[in-house]
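Undergrad: Questions regarding the structure given below will be posed in turn.
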Amino acid sequence: MKKFYQKIVEHPKSILTLFILAAVFSLFCQRLVRVNYDIKDYLPEKSPSTIALDKMEEEYEGGIPNARVMIRDTSVAEALEYKEKLEGCPGVVSVTWLDDAANIEQPLETLDQELAETYYKNGNALFTVTVEEDQVLDAVEAMEEVAGDRGAMSGDAVSTAVATTSTVSEVYKIAAFAVLFVFFVLFLTTTSWAEPVIVMAGLGIAIAINAGTNLIFGEISFVTNAAGNILQLAVSLDYSVFLIHRFEECMKTEETPRKAMVEALCKSTSSILSSGLTTVIGFLALVFMQFKIGPDLGLALAKGVTISLITVFVFMPVLILALNGWLMKTHHRRLLPDFHRFGFLVRKIMVPMTAVFALLVVPSYLASNQNTFYYGSAYIFGEDTELGRDIAEIEEIFGKSDTYALMIPRGDKVREEQLSQALHEIPEVTGIHSYVDTVGAQIPEEYLDEELLSQLLSKDYSRMVLTVNADAEGEEAFALVEKIRETADTYYPDSWYLAGAGVSTYDLMDTITADMVKVNLIAIAAVFVVLLFTMKSVSLPVFLVLAIETAVWINVSIPYFKDSTVFYISYLIISSIQLGATVDYAILTTERYMEFRQTMDKKKAVSETIAAVTTSLLTSGIVLAVVGYLMGAISSHGILSQLGTFLGNGSMLSLTIVLFVLPGLLYLFDRLIEKTTLHTNFYQKRRHYHESK
């Protein structure tokens with residue numbers, strides 16, 4: 001490695017130019033990366049609802065209704081005018097209202113009241129709209145203009161559009177606050193005014209290259225877009241700081257800055273690589289999720305940390321050397337206090353804290369598995385947002401509603417009519433738009449309008465559009481999906497296709513709950529194996545993984561004790577992210593303890609370890625926590641907001657356990673660690689005494 005580092009410091013101009021050009025080019029490429037805000041698109045390709053949607057797209061031009069538009073205080077005549085305007089909006093495929101289900105030339109009082117009030121109630125008109133998936137933004141914007149102040153909208157298409165427009169501005173706001181806070185923390189924790197600028201310059205280069213190289217994926221999920229850059233910033237911060245501090249130490253013993261840098265790189269490679277590798281492994285565990293947001297985020301984050309490591313070992317050395325004069329001239333006294341007193345405090349309370357920790361392990365694990373969940377996107381915007389208020393208002397007047405599309409083989413009108421009757425008997429099914437319901441089984445197809453016929457029949461299939469009084473998710477909604485699937489299978493065994501928001505959410509629930517145990521076990525096992533080989537110890541990986549995993553369990557059990565509902569996507573992702581991002585704290589603490597333990601007894605080693613690592617841990621931990629809390633506070637997207645809160649709480653919990661509990665574990669199991677770790681060479685009082693005599 002030494003020869004490699006010598007080559008690097010000998011070619012500063014070439015390396016600086018290469019990385020700066022790569023960053024500039026990546027910033028251009030970043031604009032070409034598409035961001036997908038539709039959760040359903042990340043379902044496995046083999047899930048029943050995904051297969052159904054693909055099949056329906058092959059057979060029919062119009063999709064499944066994915067938006068509801070309510071117009072307040074309107075007459076029937078005005079409602080028809082609004083319908084015509086909505087149909088003219090770009091990206092709107094079809095608009096369904098009362099006139100499609102009944103003869104509105106008759107007095108409303110003579111119509112089936114349950115049917116009529118599905119579309120028109122108390123002077124409010126409710127339109128069911130089908131929007132093209134690739135024109136959601138234009139369509140929703142145009143529908144908002146048509147509806148004006150009298151309108152309220154809901155549905156998957158509207159949620160996707162709002163998420164797209166709001167998240168973009170929120171991501172920039174979160175990033176701006178995060179960068180300012182990181183500068184503030186670095187100014188407090190470093191001893192040179194230039195150091196924060198140098199560190200952030202290196203991180204900026206790495207983040208820009210990672211964001212641009214996301215182009216290789218074609219598109220990224222909204223989770224990756226919102227969290228990827230700031231997570232890379234938070235977890236990679238330590239690498240550059242550690243290298244600069246090693247360089248400053250080596251400058252005291254080496255003849256030239258170049259030699260000092262080569263020596264600093266050689267001394268820090270092992271620590272930085274082991275830290276980075278465990279982080280990468282933790283993120284890569286997400287790749288094994290069937291739910292494709294996991295691989296999307298995992299690959300982007302793993303790539304980001306890898307690019308950060310390359311930047312630290314190749315770009316940062318030449319940048320530090322180029323700005324070394326400025327670095328030295330701007331040295332100032334230490335702003336933070338010495339942490340030796342804190343080390344003595346930890347030494348006094350570490351055993352009681354370890355006892356409390358031991359009592360919490362099992363209950364926190366059990367509680368972490370008892371949460372109630374949202375699986376889809378139905379509740380991502382709360383009632384404190386405009387969309388949340390619109391949804392609540394529509395549901396208050398017209399009730400909860402979802403639309404399913406059931407596609408069955410064409411030809412047997414009698415069997416189709418029997419199926420329709422069976423579906424009508426399901427209490428939650430409030431209406432069916434199909435050939436046998438809308439036209440009648442007795443009327444020949446050649447008598448029908450071609451536009452109406454194309455909505456109901458394709459070459460090989462007949463489509464039934466079901467309006468159901470149900471949420472998009474929840475136990476009742478999932479039971480309804482199962483009931484409709486069972487009914488369809490009774491009349492058309494293994495030859496039907498069912499799609500809709502509630503159906504996709506059911507498959508989402510079925511998919512991601514199966515992912516949970518697998519992803520966690522892979523992450524834990526992979527990190528354990530890496531620590532086993534890097535630390536050459538059987539016992540240390542157990543203590544480190546147990547410490548961080550318990551922090552994860554406590555973190556995800558908090559909503560259970562608060563009796564709040566969790567977005568399962570956030571719950572699933574945070575487990576791997578918290579392990580990957582914060583296990584570094586435990587590694588750094590343990591490595592310093594093992595180092596001090598060679599020259600002092602275990603009590604003194606504990607206090608010296610805490611004194612030595614606290615600044616680094618606080619820098620990394622507080623930055624990660626604040627980045628998370630910023631995301632939680634600023635993002636209006638429920639999944640991102642909750643993920644941010646989890647990240648903030650998780651970072652602080654991991655930091656607390658590493659500072660107050662891990663020292664106790666190292667102290668109490670010192671003898672076991674010595675016996676199960678290679679080449680410990682621990683300091684022994686008696687041996688030292690006899691040798692000195």
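Undergrad: Which pairs have Cβ atoms under 7 Å, sit 6 or more apart or on different chains, and link a residue in the range 144-157 that is open to solvent by 30 Å² or more (accessible area, probe 1.4 Å) to one that is of a type in the set (A, V, I, L, M) and not in a strand (DSSP E or B)?
TA: Once the first residue is open to solvent by 30 Å² or more (accessible area, probe 1.4 Å) and sits in the range 144-157, its partners that are of a type in the set (A, V, I, L, M) and not in a strand (DSSP E or B) give Val146/Leu86; Asp156/Ala501.
Undergrad: Any residue in the range 600-621 that is within 30 Å of Tyr374 (Cβ to Cβ), at pLDDT below 95 and crowded, with 20+ Cβ neighbours inside 10 Å?
TA: yes
Undergrad: Still on this structure, please answer the following. Report whether or not Tyr375 is modelled with pLDDT under 90 and either surrounded by fewer than 16 Cβ atoms within 10 Å (Cβ to Cβ) or within 22 Å of Asp99 (Cβ to Cβ) (or both).
TA: Numbers: modelled with pLDDT under 90: yes; either surrounded by fewer than 16 Cβ atoms within 10 Å (Cβ to Cβ) or within 22 Å of Asp99 (Cβ to Cβ) (or both): no.
When the stated conditions are applied, Tyr375 does not pass them.
Undergrad: Return yes or no: is Lys303 open to solvent by 20 Å² or more (accessible area, probe 1.4 Å), modelled with pLDDT of 90 or more and over 28 Å from Glu608 (Cα atoms)? Lay out the reasoning, then the answer.
TA: Working: open to solvent by 20 Å² or more (accessible area, probe 1.4 Å): yes; modelled with pLDDT of 90 or more: yes; over 28 Å from Glu608 (Cα atoms): yes.
Yes.
Undergrad: Next question. Identify the residue in the range 204-230 that is touching a strand residue (DSSP E or B) at 6+ places or on another chain (Cβ under 7 Å) and under 15 Å from Glu170 (Cβ atoms) and, among all such residues, is most open to solvent (accessible area, probe 1.4 Å).
TA: Filtering first and then ranking leaves Asn225.
Undergrad: Something else: Restricting to the range 83-92, count the residues that are open to solvent by 30 Å² or more (accessible area, probe 1.4 Å) and either in contact with a helix residue (DSSP H, G or I) (Cβ under 7 Å, 6 or more places away or on another chain) or closer than 17 Å to Gln135 by Cβ (or both). Before the answer, list the steps.
TA: Step one: list which residues in the range 83-92 are open to solvent by 30 Å² or more (accessible area, probe 1.4 Å), which gives 84-85, 87-88, 90.
Then drop every residue that is not either in contact with a helix residue (DSSP H, G or I) (Cβ under 7 Å, 6 or more places away or on another chain) or closer than 17 Å to Gln135 by Cβ (or both), which leaves 85, 87-88, 90.
Residues flagged as open to solvent by 30 Å² or more (accessible area, probe 1.4 Å) and either in contact with a helix residue (DSSP H, G or I) (Cβ under 7 Å, 6 or more places away or on another chain) or closer than 17 Å to Gln135 by Cβ (or both) within the range 83-92 amount to 4.
Undergrad: Find the residue count for the range 444-459, including only residues that are part of a loop (DSSP other than H, G, I, E, B), over 40 Å from the mean Cα position of the chain (by Cα) and either within 19 Å of Ala405 (Cα to Cα) or at pLDDT 60 or above (or both).
TA: Filtering the range 444-459 for residues part of a loop (DSSP other than H, G, I, E, B) gives 444, 448-449, 458-459.
Adding the requirement that they be over 40 Å from the mean Cα position of the chain (by Cα) leaves 444, 448-449, 459.
Then drop every residue that is not either within 19 Å of Ala405 (Cα to Cα) or at pLDDT 60 or above (or both), which leaves 449, 459.
Within the range 444-459, residues that are part of a loop (DSSP other than H, G, I, E, B), over 40 Å from the mean Cα position of the chain (by Cα) and either within 19 Å of Ala405 (Cα to Cα) or at pLDDT 60 or above (or both) number 2.
Undergrad: Looking at the range 587-604, which of its residues are assigned to a helix (DSSP H, G or I) and touching a residue at least 40 places away in the same chain (Cβ under 8 Å)?
TA: Ile587, Leu588, Thr589, Thr590, Glu591, Tyr593, Met594, Lys602, Lys603
Undergrad: Further question on the same structure: Name the single residue that is nearest to Val468 (Cα to Cα) among those in the range 422-434 being open to solvent by less than 60 Å² (accessible area, probe 1.4 Å) and in a helix (DSSP H, G or I). Quick ask: steps written out before the conclusion?
TA: To start, the set of residues in the range 422-434 that are open to solvent by less than 60 Å² (accessible area, probe 1.4 Å) comprises 422-423, 426, 429-434.
Next, from what is left, pick out any that are in a helix (DSSP H, G or I): 422-423.
Numbers: Ala422: 14, Leu423: 10 Å.
Checking each candidate, the answer is Leu423.
Undergrad: Filtering the range 172-203 down to residues that are outside any helix (DSSP H, G or I) and in contact with a Ser or Thr (Cβ under 6 Å, 6 or more places away or on another chain), which residue is surrounded by the fewest Cβ atoms within 10 Å (Cβ to Cβ)? So that I can check it myself, show each step before the final result.
TA: From the range 172-203, those outside any helix (DSSP H, G or I) are 190-194; that's our starting set.
After this cut, where a residue has to be in contact with a Ser or Thr (Cβ under 6 Å, 6 or more places away or on another chain) as well, the list is 192-194.
Values: Ser192: 19, Trp193: 15, Ala194: 19.
By that ranking, first place goes to Trp193.
Undergrad: Let me ask you something else. Name every residue in the range 544-576 that is surrounded by fewer than 20 Cβ atoms within 10 Å (Cβ to Cβ) and among the aromatic types (Phe, Trp, Tyr), in order of residue number.
TA: Within the range 544-576, Tyr560, Phe561 meet the criteria.
Undergrad: What pairs come up if the first residue lies in the range 238-252 and is free of Cβ contacts under 8 Å to residues at least 12 places away in the same chain, the second is in a helix (DSSP H, G or I) and surrounded by fewer than 24 Cβ atoms within 10 Å (Cβ to Cβ), and their beta carbons are under 7 Å apart, counting only those six or more places apart or on different chains?
TA: Here the result reads Met251/Pro257; Met251/Ala260, each pair linking the range 238-252 to a residue that is in a helix (DSSP H, G or I) and surrounded by fewer than 24 Cβ atoms within 10 Å (Cβ to Cβ).
Undergrad: Out of the range 13-62, which residues are touching an Asp or Glu at 6+ places or on another chain (Cβ under 9 Å) and of a type in the set (Ser, Thr, Tyr)?
TA: Tyr42, Ser47, Ser49, Thr50
Undergrad: Okay, moving on. Do we find that Ser641 is open to solvent by 30 Å² or more (accessible area, probe 1.4 Å), at pLDDT below 95 and within 30 Å of Lys173 (Cβ to Cβ) in this structure? Spell out the reasoning first.
TA: Values: open to solvent by 30 Å² or more (accessible area, probe 1.4 Å): no; at pLDDT below 95: yes; within 30 Å of Lys173 (Cβ to Cβ): yes.
Against the criterion (open to solvent by 30 Å² or more (accessible area, probe 1.4 Å), at pLDDT below 95 and within 30 Å of Lys173 (Cβ to Cβ)), Ser641 does not qualify.
Undergrad: Give me the pairs: first residue in the range 570-581 and more than 14 Å from Ala300 (Cα to Cα), second residue charged (D, E, K, R), beta-carbon distance under 8 Å, and six or more apart or on different chains, which are they?
TA: Every condition considered, the pairs that remain are Leu572/Asp515; Leu579/Glu549.
Undergrad: Looking at (1) open to solvent by less than 10 Å² (accessible area, probe 1.4 Å); (2) of a type in the set (A, V, I, L, M); (3) in contact with a strand residue (DSSP E or B) (Cβ under 9 Å, 6 or more places away or on another chain), can you tell me which one Leu655 breaks?
TA: (3)
Undergrad: How about the range 231-258: which of its residues are of a type in the set (Asp, Glu), over 24 Å from Tyr172 (Cα atoms) and in a helix (DSSP H, G or I)?
TA: Initially, the range 231-258 is screened for residues of a type in the set (Asp, Glu), giving 238, 248-249, 254-255.
This time we only want the ones that are over 24 Å from Tyr172 (Cα atoms), so: 248-249, 254-255.
Selection gives Glu248, Glu249.
Undergrad: Under 9 Å between Cβ atoms, which residue pairs at least 6 apart in sequence (or on different chains) link something in the range 365-388 that is charged (D, E, K, R) with a partner that is open to solvent by 20 Å² or more (accessible area, probe 1.4 Å) and not in a loop (DSSP other than H, G, I, E, B)?
TA: Glu383/Arg389; Glu383/Ile391; Glu383/Ala392; Glu386/Val162
Undergrad: Now, a different point. Which pairs do you get when a residue that is within 14 Å of Phe669 (Cβ to Cβ), found in the range 344-360, comes within reach of a residue that is outside any helix (DSSP H, G or I) and open to solvent by less than 80 Å² (accessible area, probe 1.4 Å), reach meaning Cβ atoms under 6 angstrom, with the pair 6+ apart or on two chains?
TA: Thr354/Val661; Phe357/Val661
Undergrad: Counting just the residues of the range 560-586 that are part of a helix (DSSP H, G or I) and polar (S, T, N, Q), which one comes out nearest to the chain's Cα centre (by Cα)?
TA: First, pick out the residues of the range 560-586 that are part of a helix (DSSP H, G or I): 560-562, 568-586.
So of that shortlist, the ones also polar (S, T, N, Q) come out as 570, 575-576, 578, 582.
Working: Ser570: 6, Ser575: 11, Ser576: 11, Gln578: 12, Thr582: 17 Å.
In this case the residue turns out to be Ser570.
Undergrad: Follow-up question, since we're still on this one. So, of the residues in the range 460-477 that are touching a Ser or Thr at 6+ places or on another chain (Cβ under 8 Å) and not in a strand (DSSP E or B), which turns out to be nearest to Gly502 (Cα to Cα)?
TA: Here is the first cut: in the range 460-477, the ones touching a Ser or Thr at 6+ places or on another chain (Cβ under 8 Å) are 462-470, 472-473, 477.
Restricting the remaining residues to those that are not in a strand (DSSP E or B) gives 469-470, 472-473, 477.
On the way: Asn469: 11, Ala470: 9, Ala472: 4, Glu473: 6, Ala477: 7 Å.
Step by step, filter the range 460-477, then rank; the result is Ala472.
Undergrad: Still on this model: Exactly one condition in (1) out of contact with any strand residue (DSSP E or B) (no Cβ under 8 Å at 6 or more places or on another chain); (2) at pLDDT 85 or above; (3) not aromatic (Phe, Trp, Tyr) is not met by Met516; state its number.
TA: Failing condition for Met516: (2).
Undergrad: Next up: What do you reckon, is Val129 without any contact (Cβ under 8 Å) to a residue 60 or more places away in the chain and crowded, with 16+ Cβ neighbours inside 10 Å?
TA: Values: without any contact (Cβ under 8 Å) to a residue 60 or more places away in the chain: no; crowded, with 16+ Cβ neighbours inside 10 Å: yes.
For Val129, the condition - without any contact (Cβ under 8 Å) to a residue 60 or more places away in the chain and crowded, with 16+ Cβ neighbours inside 10 Å - is not met.
Undergrad: For the subset of the range 117-147 comprising residues that are among the β-branched types (Val, Ile, Thr) and in contact with a Leu (Cβ under 8 Å, 6 or more places away or on another chain), which member is farthest from Ser166 (Cα to Cα)?
TA: Initially, the range 117-147 is screened for residues among the β-branched types (Val, Ile, Thr), giving 118, 128-131, 136, 140, 146.
Checking the rest, the ones that are also in contact with a Leu (Cβ under 8 Å, 6 or more places away or on another chain) come to 118, 129, 146.
Details: Thr118: 31, Val129: 22, Val146: 21 Å.
Taking the candidates together, the pick is Thr118.
Undergrad: Kindly list the number of the only condition in (1) modelled with pLDDT of 85 or more; (2) open to solvent by 20 Å² or more (accessible area, probe 1.4 Å) that fails for Val527.
TA: In the conditions (1) modelled with pLDDT of 85 or more; (2) open to solvent by 20 Å² or more (accessible area, probe 1.4 Å), Val527 misses (2) alone.
Undergrad: Only one residue in Phe339, Phe315 is at pLDDT 95 or above and either surrounded by 15 or more Cβ atoms within 10 Å (Cβ to Cβ) or among the basic types (Lys, Arg) (or both), so which one is that?
TA: Details: Phe339 fails: at pLDDT 95 or above.
None of the others qualify; the one that does is Phe315.
Undergrad: If I filter the range 410-421 for residues that are surrounded by 19 or more Cβ atoms within 10 Å (Cβ to Cβ), at pLDDT below 90 and part of a loop (DSSP other than H, G, I, E, B), do I get at least one hit? If you could, list the steps in order and put the result at the bottom.
TA: Kept after step one, since they are surrounded by 19 or more Cβ atoms within 10 Å (Cβ to Cβ), are these residues of the range 410-421: 416, 419-420.
Applying the additional criterion that residues be at pLDDT below 90 yields none.
Checked the range 410-421: no residue is surrounded by 19 or more Cβ atoms within 10 Å (Cβ to Cβ), at pLDDT below 90 and part of a loop (DSSP other than H, G, I, E, B).
The values are calculated or read from the model by the stated rules, or taken from the named source; none is laboratory data. Remember, it's a predicted structure, so these values are computed and weren't measured experimentally. Neighbour counts run over all protein chains shown; Cβ positions are idealised from the backbone, glycine included. Accessible surface areas use protein heavy atoms only, side chains included; no ligands, DNA or RNA. Shrake-Rupley method; radii C 1.70, N 1.55, O 1.52, S 1.80 Å.
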